[in-house]
Amino acid sequence: MREVVPVMARTHIAAGVALAAVAAVATHHALDPAWLVMGGLGGLAPDLDHPRALLTRAIPGASALAALATATGAVRHRGVLHSWLAMAVAVGLVEPLLGSILARFWWAMGVGIGHPAWILRLWRVWGPGGDWGWAAGYASHLVVDTLNTTGVQWFWPLPYRVHSPVPNIPVGTPPETWFRWSIYLGLLVWRPEIALATLLAAEVVYRAVSTA
Ligand SMILES: [Zn+2]
């Protein structure tokens, strides 16, 4: 079977952060870092079904697990993790659970070093938008992959792959880069400060994940 190559991580991060930013502004929420960063991470998450995807390589053991899962046929790239069902589980269960574990960890660290107030201050800067940012990012990923010829198994376990006939963005080609920049350009025309925040946050997320 022909290998399905993931859409470039930069494109997914840009789309995830952008959709999260638009969602925050549209729902009159403060655009805190949590919206933007979690938008970028949510934009990468569905590609954990590919051993060589950016986020998979950043998480210890995830590449080996993804390679095993795809080799046994249990998971296919753009299969289950690219479905409505996985999005519901990722948004309703996985992210809140990991979030609360991380929050407890940081709080324990703060208490451990004798400065829990620092953690509270950081928490306030981070903001409350993480859950929604993650949801927007995950949804943006499925939409972006749907624009590619291979399409996405939105209704897994049903075998149908949904893909838009036009526009059709081949992975890793100039149209993919133009698509990414058109997201920024659209934001720039709409709200320059949102475009700048999106560009900066996307760069931070990309660098953080690629050096992890
Ligand atoms: Zn994907």
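Only the coordinates and a few stated rules stand behind these numbers; no lab work does. This is a predicted model, so every value here is computed, not measured. Every residue, glycine as well, gets a Cβ built from its backbone with ideal geometry; the counts of neighbours run over all protein chains shown.
Go through the stretch 139-167 residue by residue and tally those that are over 15 Å from Gly79 (Cβ atoms) and either more than 21 Å from the chain's Cα centre (by Cα) or buried (at least 17 other Cβ atoms within 10 Å of the Cβ) (or both). Lay out the reasoning, then the answer.
To start, the set of residues in the stretch 139-167 that are over 15 Å from Gly79 (Cβ atoms) comprises 139-140, 143-144, 147, 149, 164-167.
From what's left, either more than 21 Å from the chain's Cα centre (by Cα) or buried (at least 17 other Cβ atoms within 10 Å of the Cβ) (or both): 139-140, 144, 147, 165-167.
Counting residues in the stretch 139-167 that are over 15 Å from Gly79 (Cβ atoms) and either more than 21 Å from the chain's Cα centre (by Cα) or buried (at least 17 other Cβ atoms within 10 Å of the Cβ) (or both) gives 7.
Quick one: how many residues across the stretch 58-83 are surrounded by 14 or more Cβ atoms within 10 Å (Cβ to Cβ), part of a helix (DSSP H, G or I) and away from the ligand (no atom under 11 Å from the Cβ)? Walk me through how you get there before you give the answer.
Taking the stretch 58-83 as the starting set, the residues that turn out to be surrounded by 14 or more Cβ atoms within 10 Å (Cβ to Cβ) are 58, 62-63, 65-67, 69-70, 75-83.
Applying the additional criterion that residues be part of a helix (DSSP H, G or I) yields 58, 62-63, 65-67, 69-70, 80-82.
Retained after the next criterion (residues that are away from the ligand (no atom under 11 Å from the Cβ)): 58, 62-63, 65-67, 69-70, 80.
Residues in the stretch 58-83 being surrounded by 14 or more Cβ atoms within 10 Å (Cβ to Cβ), part of a helix (DSSP H, G or I) and away from the ligand (no atom under 11 Å from the Cβ): 9 in total.
Only one of Gly133, Gly137 is away from the ligand (no atom under 16 Å from the Cβ) and within 15 Å of Leu31 (Cβ to Cβ). Can you tell me which? Quick ask: steps written out before the conclusion?
On the way: Gly137 fails: away from the ligand (no atom under 16 Å from the Cβ).
After applying the criteria, what remains is Gly133.
Between residues in the stretch 51-66 that are of a type in the set (Lys, Arg) and residues that are crowded, with 17+ Cβ neighbours inside 10 Å and not in a loop (DSSP other than H, G, I, E, B), which pairs lie under 7 Å by C-beta distance while being six or more apart or on different chains?
Close Cβ pairs (under 7 Å, with a partner that is crowded, with 17+ Cβ neighbours inside 10 Å and not in a loop (DSSP other than H, G, I, E, B)) amount to Arg57/Ser63.
Which number in (1) surrounded by 16 or more Cβ atoms within 10 Å (Cβ to Cβ); (2) of a type in the set (Ser, Thr, Tyr); (3) outside any loop (DSSP other than H, G, I, E, B) marks the one condition that Ser210 misses?
In the conditions (1) surrounded by 16 or more Cβ atoms within 10 Å (Cβ to Cβ); (2) of a type in the set (Ser, Thr, Tyr); (3) outside any loop (DSSP other than H, G, I, E, B), Ser210 misses (1) alone.
Out of His77, His82, which single residue is within 20 Å of Gln153 (Cα to Cα) and in contact with a strand residue (DSSP E or B) (Cβ under 8 Å, 6 or more places away or on another chain)? Walk me through it before giving the result.
Details: His77 fails: in contact with a strand residue (DSSP E or B) (Cβ under 8 Å, 6 or more places away or on another chain).
One residue alone meets the criteria, His82.
Could you grab me the full set of residues in the stretch 177-209 that are in contact (Cβ under 8 Å) with a residue 60 or more places away in the chain and among the charged types (D, E, K, R)?
Arg180, Arg191
Leu142 - would you say it is part of a helix (DSSP H, G or I) and touching an Asp or Glu at 6+ places or on another chain (Cβ under 6 Å)? First the steps, then the outcome.
On the way: part of a helix (DSSP H, G or I): yes; touching an Asp or Glu at 6+ places or on another chain (Cβ under 6 Å): no.
Spelling it out, it is not the case that Leu142 is part of a helix (DSSP H, G or I) and touching an Asp or Glu at 6+ places or on another chain (Cβ under 6 Å).
Given the options Leu41, Leu55, Leu48, name the one that is in a helix (DSSP H, G or I), within 16 Å of the ligand (Cβ to nearest atom) and under 16 Å from Leu200 (Cβ atoms). Give the steps one after another, and end with the answer.
On the way: Leu55 fails: under 16 Å from Leu200 (Cβ atoms); Leu48 fails: under 16 Å from Leu200 (Cβ atoms).
After ruling out the rest, the residue left standing is Leu41.
Of these, Ala117, Ala202, which one is surrounded by 12 or more Cβ atoms within 10 Å (Cβ to Cβ) and among the small types (Gly, Ala, Ser)?
Values: Ala117 fails: surrounded by 12 or more Cβ atoms within 10 Å (Cβ to Cβ).
Going through Ala117, Ala202 in turn, the sole match is Ala202.
Which of the residues that make up the stretch 22-40 are surrounded by 24 or more Cβ atoms within 10 Å (Cβ to Cβ) and farther than 16 Å from Val125 by Cβ?
Gly39, Gly40
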